[in-house]
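Comments concern the structure below.
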Amino acid sequence: MIAGAQVEITGENLAQPVVVMSGPLGEFTLPDLKPGRYTIQVTHDGFAPQTEAVELRDTTNLQLVLAVAGGKTTISVSQRAPDTDPV
């Protein structure tokens, strides 16, 4: 992961989402989560969002990789009637 990424955690044991930022080495820690099922979404400008469903136990290490976001390509197609030669 990369530094400054937003990490949002939702789950059955949370009344509301928890949001933290990753540190200088891309790491993040959530020490107060109870064991259970959670969804972790990581976002950062210029990268595609990464979502991971996890079952947390006492300690869980995750390796999340963010892919560079793809550029958007727009293609316009038009058609013109062929020129006709009047007779």
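Here, each number is a calculation from the coordinates, and none is a lab measurement. Only a predicted model underlies this, so the values are computations on that prediction, with no experimental measurement involved. All Cβ positions, even for glycine, are placed from backbone atoms using ideal geometry, and neighbour counts span all protein chains on display.
Some points to look at:
- Contact order normalised by residue count of region 6-56, Cα under 8 Å, 6+ apart, percent: 36 percent
- For I40, net neighbour charge (Lys/Arg +1, Asp/Glu -1) across residues whose Cβ lies under 9 Å away: -2
- Cα pair count fraction exceeding 15 Å, expressed as % - region 6-56: 45 percent
- Here the peptides 42-50, 22-30 are ranked by packing, the mean other Cβ count within 10 Å, and the order with the highest first is 42-50, 22-30.
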